[in-house]
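One structure is given below, encoded as structure tokens.
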Amino acid sequence: MKVEEVVLPGVGRKYTITVKSGDRIVIVVHSSGKRELQYFEAGEEDEPTVALDLTDEEARELGAILAGVLFHPEAVGDTRSKLGAKVIEWVKVLPGSKLAGKRVGDLALPPGAHLLAVDRPGAPLIPHPGPDVVLEVGDTLVVAGSREAVEALKGSF
């Protein structure tokens with residue numbers, strides 16, 4: 001996969017992603033938050049096969065889905081996703097965990113570690129949980145950052 005980034009003065013940034021098959025996805029991120037998503041089949045240079053306009057919220061939801069924040073298939077084995085030198089991991093709050101009953105605002109996150117979401121059984125996903133969210137046994141934390149920061153966070157539980 002090849003990713004190219006171009007600054008569009010007064011507009012935002014354009015990302016062109018070329019995948020193994022030669023197909024391309026072009027994403028234009030406007031300074032306003034709007035996103036344009038275009039798909040070009042291999043060999044097609046002028047007109048996209050499909051074009052979508054996404055709001056900031058729609059783009060973030062799509063990104064979460066693609067990153068595996070909302071669902072991580074068990075069939076892939078280890079639930080670590082490589083994002084360059086970054087990782088995303090899913091950490092279950094088990095009975096007896098120091099996390100159970102803690103507020104998100106009271107977590108001591110190491111520099112470089114980020115809590116992306118809390119997946120609570122039987123409840124909607126809590127993306128970017130606020131400091132007042134209380135963690136419960138059975139919750140799954142979606143954490144991201146450098147491997148070192150994520151490992152340090154997991155070691156503090």
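Taking GluC sites (Glu not before Pro) as candidate sites, keep only those in a DSSP loop with at most 14 other Cβ atoms within 10 Å, then name the longest stretch of the chain containing none of them. Longest run free of exposed loop sites: 46-157. Work out, step by step, the length gained on full extension between Glu58 and Phe157: first 0.36 nm times the residue separation, then minus their alpha carbon distance; give nm to one decimal. Full extension from Glu58 to Phe157 adds 32.3 nm.
Between the helical axis of 56-67 and the longest alpha-carbon principal axis of the chain there is an angle of about 70 degrees. With a simple spin-label model that places each label point 7 Å from the Cα along the Cα-to-Cβ direction, the separation between Asp132 and Tyr15 comes to 3.3 nm. From its DSSP helices (H runs of at least four residues, each -39,500 (n - 2.57)), the chain gives a residue-normalised ellipticity at 222 nm of -4000 deg cm²/dmol.
State which entries of Lys20/Lys86; Lys34/Lys102; Lys14/Lys86; Lys102/Lys154; Lys2/Lys154; Lys2/Lys86 exceed 24 angstrom in Cα-Cα distance in the structure shown. As for pairs spanning more than 24 Å Cα to Cα, those are Lys34/Lys102; Lys2/Lys154.
Only the coordinates and a few stated rules stand behind these numbers; no lab work does. Note that this is a predicted model, so its numbers are computed, not measured. In this analysis, Cβ positions are derived from the backbone assuming ideal geometry, glycine residues included, and neighbour counts consider all displayed protein chains.
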